[in-house]
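**Student:** Quick one: structure below, then a few questions.
No value in this document is a laboratory result; all are computed from the given coordinates. Because the structure is predicted, anything quoted here is derived from the model rather than measured. Backbone-built Cβ (ideal geometry, glycine too); neighbour counts: all protein chains shown.
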Amino acid sequence: MNAITIRNLSDEANRALEARAEQNGTTAEAEAERILTQALAVIASPSIQKPTPSEEGLIAAFQKLREKYPELEEIEFSRDQTPAWVD
C-alpha cells in the first residue's frame, strides 16, 4: 500500500475532513482515502456513466459557488434521489 503526506493542509480543511470522517464513522485517514478514491475513479474508469448536459451544468454551477465562497467547501451538494411523493 502506498502512503502520501499532505503538507500545509489548512485547519479549516482538516476540521472538515475530521467532521466528515466522524459522520461516516471512520478515521480522517480512511475518509481522505475514500475521497481520493472516489474522485479518481471517474478518471480511471471509463465505464462510469458520464453526467447529462443538465447535470454538467449543475456541477459547474456548484464548482463556481465553491470557488466564490470557499466556506461552502464543507457542504456536500448532491441531488436528493427520494421521490417527491409515494403512491
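**Student:** Of the residues in segment 1-34, how many are closer than 20 Å to Tyr69 by Cβ and part of a helix (DSSP H, G or I)?
**Tutor:** Residues flagged as closer than 20 Å to Tyr69 by Cβ and part of a helix (DSSP H, G or I) within segment 1-34 amount to 9.
**Student:** What tally of residues in segment 1-35 results from selecting those that are of a type in the set (S, T, N, Q), more than 13 Å from Glu74 (Cβ to Cβ) and surrounded by 12 or more Cβ atoms within 10 Å (Cβ to Cβ)? Full working, then the answer.
**Tutor:** Taking segment 1-35 and keeping what is of a type in the set (S, T, N, Q), we get 2, 5, 8, 10, 14, 23-24, 26-27.
Cutting the leftovers down to more than 13 Å from Glu74 (Cβ to Cβ) gives us 2, 5, 8, 24, 26-27.
Next, from what is left, pick out any that are surrounded by 12 or more Cβ atoms within 10 Å (Cβ to Cβ): 26-27.
The number of residues fulfilling the criteria is 2.
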